[in-house]
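Since every read-out is calculated from the coordinates, none of them should be taken as a lab result. Every value quoted in this text rests on a predicted model; they were computed, and no experiment measured them. Here the Cβ positions follow ideal geometry from the backbone for every residue, glycine too, while neighbour counts run over all protein chains shown.
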Amino acid sequence: MHQPSTEPRPSLYYPYEVFKPWLASAHPPQARKKVVIVGAGPAGMVTALELARHGVASVVLSADLQLSQGSRAICFTRRSMEILQQVGVADRMTEIGLPWRFGNSFYRGQRVFRMEAPHDPHDRFFPIINVQQPYMEEFLHDACQANPLIDFRWGNKLNHLSQKEGYALLEVDTPEGPYALESDWVVAADGGRSALRSALNLQMEGASYEGIFVIADIKIDLPLPTERLAYFDPDWNPGNTILMHREPHGIWRVDYQLPSGETPEEALRPESLKTRINAQLAMIGHANTPWEMDWSSVYSARTLTLPEFVHGSVIFTGDAAHLLPIFGVRGANTAFQDAQSLGWQLGAVVNGLAGKSLLANHSAERVGAAREIITEAGKSTRFMAPPSAGFRLLRDAVLSLSLTQEFVRPLYHWRTSRPHEYTHSRLNCQHDDSALFENGPAHGAPPQNVRLGDGDYLLDHLGGGFDLLYFTQAAALPASLQSVLTNVRAKGVRIRVTAVGAGHAVAGCDQTLPDTAGDLRQRYGMTAEGAAYLLRPDQHICARWLSLEAPALQAALANALPQ
Ligand SMILES: Cc1cc2nc3c(=O)[nH]c(=O)nc-3n(C[C@H](O)[C@H](O)[C@H](O)COP(=O)(O)OP(=O)(O)OC[C@H]3O[C@@H](n4cnc5c(N)ncnc54)[C@H](O)[C@@H]3O)c2cc1C
């Protein structure tokens, strides 16, 4: 019998709530489900919310009775906020979060590099916002609870899964004992130690690095701005790296690398944590500022992915599908993109709008994203924690040269998580005019946001299905295009048409954006009457035309929803 802890997790800043378990005895017998999601972390909850946007009901299982312990992921990217906006929680993130765009790297007491992340007036969100993971999970959980299509089950642990012909049979354990559940699809969002991955005997590909880092969250009042701080080779921790981030509610994250040979158990002893944090505070000139320990943990960098995310009825996502180093804020930020991609593609298959090959496409696209991240994150990891004498020699050469030589300083800059572009996706239209555009997002790219007016942005108006941006000054959408739209909508495809540039309502379009300043047309390169962009439900571009004709739209939609 599964007995999750009912003791609220300790925290100096987050009031953990212990939820009641879902018990089968209190509910009527259950028919086979369309989708069961195992795991209620960011990947599981965003998948459930995205599926619900496409009209698909799901059951979400959480083994625990509480949100996850400790701050864990704290830095969320602009693209993550755009995804969270789609599922309705970006405002709450913005309300409590600390936005930032500068990073500083120090060596021998000298600041040797200052990173500035680009921020444009057309961006609704900052490049990064700091929020502790339990808050982010609380906002997602509230959104799940408010959604009638999501059946959220606390204290329900998946014990066993067997794959049958076209569905899976699950045994779920609860505080009153196990029950059986059948589902057409199972989303394995059960985290880095995924029991489902082990049960299916799946091997990940990639590398694990030896360097071990301590994460310590302390409550302290430091009069410093919200910027990333990185210290290389400081006197108190020679040869190693320390990172500091400000979090909401007076918390600071201190990450430091351990000297080789030291075990996690030794490093997490209170005396060891205290000595090192005091040394770090002394080094930055705050030796006498009082502080309290909130949470500590250890991690080592791993760059691993499953080579295929779909296995029969089971689809892996988030940390269950790949393990990415946190340098460059990869974990949760990648999980959101996985979930957004899975939500619409699994939704289309469940709704009968596409065949299972769409899930193979999802897997190919997201494995491609994981591999790209692994290549980039591997570079950052080798700089932060050199894995061999050769890498250390090179890293140390950059460090010492940077004291006097300007040109080496940008080598400190490690790339932060950015959305993967599905440049070679099979969903991209092969016969459109993409190559003829001079600017604007190309095939597979995420959309560019555009400020339309005071506090109003393009992405506020898109999402929930396909979007067609159509540039026109005419009174009505051509009848031939309207006829294609009527036909695809009759099959259940959601598509919204936005007329761009007209100062009046356009018949046949769902909304009009006058684009008075011309920014949208300029940023998307739409200059001729009838120019258009087709965005997939995850907002990535799959076709664009200098002049859109009805058969081209029909073909592009058919290509994006393969049977
Ligand atoms: C100590 C630590 C520090 C981290 N720091 C950072 C950071 O600074 N920056 C960053 O970007 N990322 C960080 N991460 C990674 C980030 O937290 C994860 O990438 C992110 O949470 C992934 O989300 P997920 O939903 O895939 O998995 P998880 O958040 O791990 O969620 C898994 C869920 O599955 C549930 N579950 C597991 N097994 C079962 C089962 N059998 N039945 C039912 N439910 C089950 C769990 O209860 C949990 O709800 C950190 C992770 C850890 C552990």
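Some notes on this structure:
- In Hz, Karplus ³J(HN,Hα) per residue of segment 530-540 (6.51, -1.76, 1.60; θ = phi - 60°; x = Gly, Pro): x, 5, 8, 10, 10, 10, 5, x, 8, 6, 6
- Residues in segment 485-496 carry Karplus couplings, in order, of 5, 4, 5, 6, 5, 4, 7, x, 6, 8, 8, 10 Hz; the curve used is 6.51 cos²θ - 1.76 cosθ + 1.60 with θ = phi - 60°, and Gly or Pro positions show x.
- Kirkwood hydrodynamic radius of the chain, from inverse mean 1/r over distinct Cα pairs, in Å: 25.2 Å
- Peptide packing for 280-288, 522-530, 97-105, 317-325 was compared via the average number of neighbouring C-beta atoms within 10 Å per residue; ordered from the highest value, the list is 317-325, 97-105, 522-530, 280-288.
- In segment 150-261, the convex hull through the Cα atoms has an average projected area of 12.4 nm², a quarter of its surface area.
- The simple spin-label model puts a point 7 Å past each Cα toward its Cβ; for ALA507 and GLU95 those points are separated by 4.4 nm.
- Averaged over residues, the count of other Cβ atoms within 10 Å places the peptides 532-543, 133-144 in the sequence 532-543, 133-144, highest first.
- Amide H contacts under 5 Å for VAL187: VAL36, ILE37, VAL38, ILE315, restricted to partners 5 or more places along the chain or on a different chain, H placed in the peptide plane at 1.01 Å from N.
- Pairs from the list LYS20/LYS219; LYS219/LYS274; LYS274/LYS379 with a Cα-Cα gap above 24 Å: LYS20/LYS219; LYS274/LYS379.
- Size of electric dipole in segment 40-128: Cβ of Lys, Arg +1 and of Asp, Glu -1, about Cα centre, debye, nearest 20: 400 debye
- From most to least packed by mean Cβ count within 10 Å, the peptides 63-74, 494-505 give 63-74, 494-505.
- Ellipticity at 222 nm from helices only: DSSP H runs of n ≥ 4 in the chain, each -39500 (n - 2.57), divided by the residue count, give -8500 deg cm²/dmol.
- Using a Förster distance of 41 Å, the FRET efficiency for ALA146-THR289 (Cβ separation, nearest 0.05): 0.50
- What you get for the chain, charging only the Cβ of Lys and Arg (+1) and of Asp and Glu (-1), is a dipole of about 600 debye around the Cα centre.
- Proxy reagent accessibility, fewest Cβ within 10 Å first, across SER198, SER58: SER198, SER58
- Under the simplified labelling scheme, the GLU7-ALA517 pair shows an inter-label distance of 5.5 nm, with each label point 7 Å from Cα along Cα→Cβ.
- Here the 3J(HN,Hα) profile of segment 247-260, calculated from phi with Karplus coefficients 6.51, -1.76 and 1.60 at θ = phi - 60°, is 10, x, 6, x, 9, 10, 8, 10, 10, 9, 7, 8, x, 5 Hz, Gly and Pro shown as x.
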